[in-house]
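Chemist: This is the structure, below, for whatever I ask next.
Derivation of every value follows stated rules applied to the coordinates shown; laboratory data play no part. Remember, predicted model here, so these are calculated numbers, not experimental data. As a convention, Cβ positions derive from the backbone with ideal geometry for all residues, glycine included, and neighbour counts pool all protein chains shown.
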Amino acid sequence: MTPLLEVRGIDKSFGPVQVLHDVAFSAYAGEVTALVGDNGAGKSTLVKCIGGIYPIDGGDIVFDGKPVIVHGPRDAGELGIEIVYQDLALCDNLDIVQNMFLGRERRSGLVLDEDSMEELAAQTLDGLSVRTVKSIRQQVSSLSGGQRQTVAIAKAVLWNSKVVILDEPTAALGVAQTAQVLELVRRLADTGLAVVLISHNMNDVFAVSDRIAALYLGRMAAQVKTADVTHAQVVELITSGRSGDLGIAQ
Amino acid sequence: MNKVKELPGEAIVTATQSPSIANSVHAYIERVRGGDMGALPAVLGLVVLCAVFAIARPAFMTSINVANLFTQGAAVTVIAMGLVFVLLLGEIDLSAGFASGVCAAVLAVTLTNMGLPWYVCVVAAILTGVVIGTVLGTLVAKVGIPSFVVTLAAFLAFQGLVLVLVREGTNISIRDDVVNAVANKNLPVWLGWALYAACVAIYAGLQLFRARKRSARGLVADPLSLIAARVGALAVVAGLLVYVLNLERSRNPALSSLMGVPIVVPVILVLLVIWTFVLRRTAFGRHIYAVGGNTEAARRAGIGVDRIRIAAFVICSSMAAVGGIIAASRASSVDPNTGGSSVLLYAVGAAVIGGTSLFGGKGRVLDAVLGGAVVAVIENGMGLMGYGASVKYLVTGFVLLLAAGVDALARKRAAAAGLR
Ligand SMILES: Nc1ncnc2c1ncn2[C@@H]1O[C@H](COP(=O)(O)OP(=O)(O)OP(=O)(O)O)[C@@H](O)[C@H]1O
Ligand SMILES: [Mg+2]
């Protein structure tokens, strides 16, 4: 099985600090791939490189078997890669619909087609099981943390995306909402999308993922099938970069 | 459109409240409580100021004075409209006043000294504004100098530029009838009423059309009663103004009749409609709000943030050019003080008093018009009361501080209410 999204040999530095070293990573259609690693391991940086927010210093991004160059968020969106960022990236002063279509507004001629955007947004939100909001014309500033998370996820699944990457989507959520988001993550994968889930919670990771990729200090320690490893092994990979015969060679 | 939508799960969107006047009023009160005052302070201020001046000085409400109000406030209002775009990004343009002076000087030089036709000169003045805006915007967006510094430097430089253009302080008079008509002539009485009828009809038509379209799609639409209330309010206020402006205001009507809506009124109206359309109904306008609200989110949505920034400065400086043309027309001349002294501060004040936030992301073009009206009323009313420049400056400064304070407090309140 070939991965839908594959990166090879990614290097990324911020000035003198090299944050990613020769990172390889794959995500498969129909599967949830968990990306784990300690704080500062480089998970968000890797995701931003894939999303075209940061230019990569070296390495290749291969999408659907073809090497691609992602110059910016638009390129990533056109490929079908959608990212829910750790800091959500919503505009507080815009309403839910406006945020969901930001940068990709529907128009008829010169004019924004508000009505069709509103309909589509409502349909997408209907499909996600989350807490109620009063109106989808509500400003995002008036939403709770969980509701914002929902809007950010809805924004990612609104488009006919092939890869959805979620950077710690449950970090701000309560127990019930976390369960809902995890269920959603699973459902997205079951509909054939390649889902990448970044999380610090091992229980969540083992509950929904098919594969686990562990980053250690900017290096990919190992990418394994979830069924082949134990909690303890993954924790070891995260904290020391190796576990038995897995991990970075010494 | 995506597979996800057929998936099971409880709905996120509860039936939105059925719309009615009561609900709309309720929602509005909630918004104001939450710190989003919108145009409320400006409208209230305008009503109170007008009432006070009308009682203290009956001359305030006469046709001649109301017409004066419009022509006095026009230039500042137009400059403020452009400033709204820059303020929406959380930036500032301190050079807008003198930019209008430079553009007015270009108009005067090409018109009077070179004798070119008026339309060539007007285009030249506006193009000057476009060039100024492009330079300022590029310095801010591409080079990354804070807009405060860039436009402060431009503020100084443009003063010099005006002096160069008008040859160290001479006064260039403008004799072109078309240019002078803009701020000094009026529409015929019948045309004023015709325009009024057209505006009210178009406004009502658009509102009804939108509501129809939305309810046909099963979306929440404004109820008829609310639309009727809005259209009614517009019809009454605008009707009163047109009526007053169409009264005879010549002291000696037998010699020369003076009545009608000043030409600047439709000019401002057209600009208001165009820029409101751009901000509210186009993707470009949406992106301006997005960049002002959360620049990083806008960038990640693939919006060309630099392009938007430059465009906002171009709009601001071009509107300053239009303001300069109106100022030149009103004075029938251009001198080194055109666009100088308090013009910029009044314009920033107008935008902020109208409800545009200095923190970016919040504001409308209408704010500039409402705030411009407040500034003009203060200036004019204080003059009628016999106060000199000193008191006018003090009062306007105080009102600006008050408006900025309301803005800052509203923000704090919104933060406290968890709205930000
Ligand atoms: N824009 C930046 N400029 C400089 N250094 C950065 C930048 N962004 C991230 N870094 C550094 O890169 C490293 C990896 O950061 P990153 O945000 O990718 O970590 P992470 O794995 O997502 O951590 P967390 O679990 O805390 O979200 C950190 O050491 C961080 O300081
Ligand atoms: Mg992170």
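Chemist: Average projected area of the Cα convex hull of the stretch A:181-225, in nm²?
Modeler: With the hull built on Cα positions only, its mean projection is 3.4 nm².
Chemist: Could you give the dipole magnitude of the stretch A:131-234 about its Cα centre, charging the beta-carbon of Lys and Arg +1 and that of Asp and Glu -1, in debye to the nearest 20?
Modeler: With Lys and Arg at +1 and Asp and Glu at -1, about 400 debye.
Chemist: Among B:Ser95, B:Ser215, rank each residue by its count of other Cβ atoms within 10 Å, from fewest to most, as a rough exposure measure.
Modeler: The fewest-first ordering by Cβ neighbours comes to B:Ser215, B:Ser95.
Chemist: Still on this model: Would you kindly derive the ³J(HN,Hα) couplings of the stretch A:143-152 from the backbone phi angles with the Karplus curve 6.51 cos²θ - 1.76 cosθ + 1.60 (θ = phi - 60°), listing them in order in whole Hz, with x for Gly and Pro?
Modeler: 8, 7, x, x, 5, 4, 4, 4, 4, 5
Chemist: Given the C-alpha centroids of the stretch A:150-180 and the stretch B:254-288, what is the distance between them in whole angstrom?
Modeler: Comparing the Cα centres of the stretch A:150-180 and the stretch B:254-288, I get a distance of 44 Å.
Chemist: Nearest 0.05, what FRET efficiency do B:Tyr393 and A:Asn160 give at R0 = 41 Å with Cβ-Cβ as r?
Modeler: With R0 = 41 Å, the Cβ-Cβ based efficiency is 0.10.
Chemist: A:Val68's amide H: which non-local residues (gap 5+, or another chain) put their own amide H closer than 5 Å, with H modeled 1.01 Å from N in plane and none for Pro or chain starts?
Modeler: For A:Val68, whose amide H was placed from the backbone, the distant partners under 5 Å are A:Ile61, A:Val62, A:Phe63.
Chemist: Would you please classify the overall shape of the stretch B:150-296 from the alpha carbon gyration tensor, given that a ≥ b ≥ c denote the square roots of the eigenvalues, rounded means a/c under 1.5, and beyond that prolate means a/b larger than b/c while oblate covers the rest?
Modeler: Oblate shape, in that a/c is at least 1.5 and b/c is the bigger or equal ratio.
Chemist: How high is the FRET efficiency between B:Ile202 and B:Arg167 when r is their beta carbon distance and R₀ equals 45 Å, given to the nearest 0.05? Write down the numbers at each step before the final one.
Modeler: Details: r = 47 Å, r/R0 = 1.04.
In this case the efficiency is close to 0.45.
Chemist: How many partner chain Cβ atoms sit within 10 Å of a residue's Cβ in peptide A:99-105, on average, as a whole number? Let's see the in-between values first.
Modeler: Details: counts 5, 0, 3, 13, 12, 4, 6.
Neighbouring Cβ atoms belonging to other protein chains average 6 per residue here.
Chemist: Taking a ≥ b ≥ c as the square roots of the Cα gyration tensor eigenvalues, with a/c under 1.5 meaning rounded and otherwise prolate when a/b beats b/c, else oblate, which class fits the stretch B:27-156?
Modeler: Details: a/c = 2.96, a/b = 1.28, b/c = 2.32.
Since a/c reaches 1.5 but b/c is at least a/b, the shape of the stretch B:27-156 is classed as oblate.
Chemist: Right, another one. Quick one: putting +1 on the C-beta of Lys and Arg, -1 on the C-beta of Asp and Glu, what dipole do you get for chain B around its Cα centre, in Debye to the nearest 20? Mind dumping the intermediate values first?
Modeler: Details: 32 positive and 17 negative charges, 221 e Å.
In total the dipole reaches around 1060 debye.
Chemist: Here's a follow-up. Would you list which lysines come within 19 Å of A:Lys155, measuring only between C-alpha atoms, while excluding same-chain residues fewer than 8 positions from it?
Modeler: Straight-line reach from A:Lys155, under 19 Å: A:Lys48, A:Lys134, B:Lys3, B:Lys5.
Chemist: Taking 0.36 nm per residue of sequence separation and subtracting the Cα-Cα distance, how much length would be gained by fully extending the chain between B:Arg210 and B:Leu116, in nm to one decimal?
Modeler: 29.3 nm
Chemist: Further question: As a test of the definition: which semi-axes, in Å, follow for the stretch B:361-416 when you take the square root of five times each eigenvalue of its alpha carbon gyration tensor? Largest first, please. Intermediate results must be reported in sequence, preceding the final value.
Modeler: Values: eigenvalues 145, 40, 8 Å².
Here the semi-axes work out to 27, 14, 6 Å.
Chemist: Once you have all Cα-Cα distances for the stretch B:195-261, histogram them in 10 Å bins from zero and send the whole-percent values.
Modeler: Calculated P(r), rounded to whole percents: 20, 33, 22, 14, 8, 3, 0.
Chemist: Right, next: What are the lysines whose alpha-carbon lies under 18 Å from the alpha-carbon of B:Lys412, with same-chain residues fewer than 8 places away excluded?
Modeler: Output for B:Lys412: B:Lys362.
Chemist: OK, next. One-quarter of the Cα convex hull surface for chain B, in nm²?
Modeler: Projected over every direction and averaged, the Cα hull of chain B covers 23.8 nm².
Chemist: Ok, one more. To test your reading of the geometry: what angle, between 0 and 90 degrees and rounded to tens, separates the Cα axis of helix A:114-127 from the longest principal axis of chain A?
Modeler: The helix A:114-127 is inclined about 50 degrees to chain A.
Chemist: Could you check which residue among B:Ser100, B:Ser317, B:Ser390 shows the biggest mean-square fluctuation in a GNM of chain B with a 10 Å Cα cutoff?
Modeler: Result: B:Ser390 has the largest fluctuation of those listed.
Chemist: Tell me the chymotrypsin sites (Phe, Trp or Tyr not before Pro) within the stretch B:377-408 that lie in a loop according to DSSP and have at most 16 other beta-carbon atoms within 10 Å.
Modeler: Here the sparse-neighbourhood loop sites are B:Tyr387.
Chemist: Using a ≥ b ≥ c from the Cα gyration tensor of the stretch A:135-181 (square roots of the eigenvalues), is it rounded, prolate or oblate, where a/c under 1.5 gives rounded and otherwise the larger of a/b and b/c decides, a/b for prolate?
Modeler: Oblate.
Chemist: Please sort by residue number the trypsin sites (Lys or Arg not before Pro) in the stretch B:140-213 whose DSSP state is loop and whose Cβ has at most 16 other Cβ atoms within 10 Å.
Modeler: Answer in residue order: B:Arg167, B:Arg175, B:Lys185.
Chemist: Please give every one of the aspartates and glutamates within straight-line cross-link reach of B:Lys392, meaning a C-alpha to C-alpha distance under 12 Å, and leave out same-chain neighbours fewer than 8 residues apart.
Modeler: In chain and number order, the partners are B:Glu379.
Chemist: Please determine, in degrees from 0 to 90 and to the nearest 10, the orientation of helix B:224-245 with respect to the longest principal axis defined by the Cα atoms of chain B, where the helix direction is its Cα long axis.
Modeler: 10 degrees
Chemist: Something else about it: What is the Cα radius of gyration of the protein assembly as shown over 2.2 N^0.38 Å, N being its residue count?
Modeler: In units of the globular-protein estimate, the protein assembly as shown measures up at 1.13.
Chemist: Chain A: Rg/Rh from Cα coordinates, Kirkwood Rh? Let's see the in-between values first.
Modeler: On the way: Rg = 18.2 Å, Rh = 18.7 Å.
Radius of gyration relative to Kirkwood radius: 0.98.
Chemist: So what is the 222 nm mean residue ellipticity for the protein assembly as shown from helices alone, if each DSSP H run of at least 4 adds -39500 (n - 2.57) and you divide by all residues, rounding to the nearest 500 deg cm²/dmol? Show your work: numbers first, answer last.
Modeler: Working: 24 runs with 370 residues, N = 670.
Mean residue ellipticity, 222 nm, calculated: -18000 deg cm²/dmol.
Chemist: How charged is the neighbourhood of B:Gly285? Take every other residue with its Cβ under 11 Å from the Cβ of B:Gly285, and add Lys/Arg as +1 and Asp/Glu as -1. Spell out each step's value before the answer.
Modeler: Details: positive: B:Arg280, B:Arg281, B:Arg286, B:Arg364; negative: A:Glu105.
Neighbourhood net charge equals +3.
Chemist: Among B:Gly232, B:Val220, B:Ile202, which residue has its Cα furthest toward the positive end of the charge dipole of the stretch B:195-261, with +1 on Lys/Arg Cβ and -1 on Asp/Glu Cβ?
Modeler: Going by the charge dipole, the pick is B:Val220.
Chemist: Using the charge dipole of chain A (Lys, Arg: +1 at Cβ; Asp, Glu: -1 at Cβ; taken about the Cα centre), state which of A:Ala222, A:His71, A:Leu128 has its Cα farthest towards the positive end.
Modeler: A:Ala222
Chemist: Right, next: Could you give the dipole magnitude of the stretch B:195-261 about its Cα centre, charging the beta-carbon of Lys and Arg +1 and that of Asp and Glu -1, in debye to the nearest 20?
Modeler: 340 debye
Chemist: How far apart, in nm, are two points set 7 Å out from the Cα along the Cα-to-Cβ line at B:Ser332 and at A:Lys66?
Modeler: Result for the modelled spin labels: 7.0 nm.
Chemist: Taking 7 Å along the Cα-to-C-beta vector as the label spot, tell me the A:Ile248-B:Val278 distance in nanometres, rounded to one decimal.
Modeler: Once both label points are built, they end up 5.3 nm from each other.
Chemist: Counting partner chain Cβ atoms within 10 Å of every residue's Cβ in A:110-118, what's the average?
Modeler: Across the residues of A:110-118, the mean count of other-chain Cβ atoms within 10 Å is 4.
Chemist: Just checking the output field for B:278-291: average partner chain Cβ neighbours within 10 Å of each residue's Cβ?
Modeler: 4
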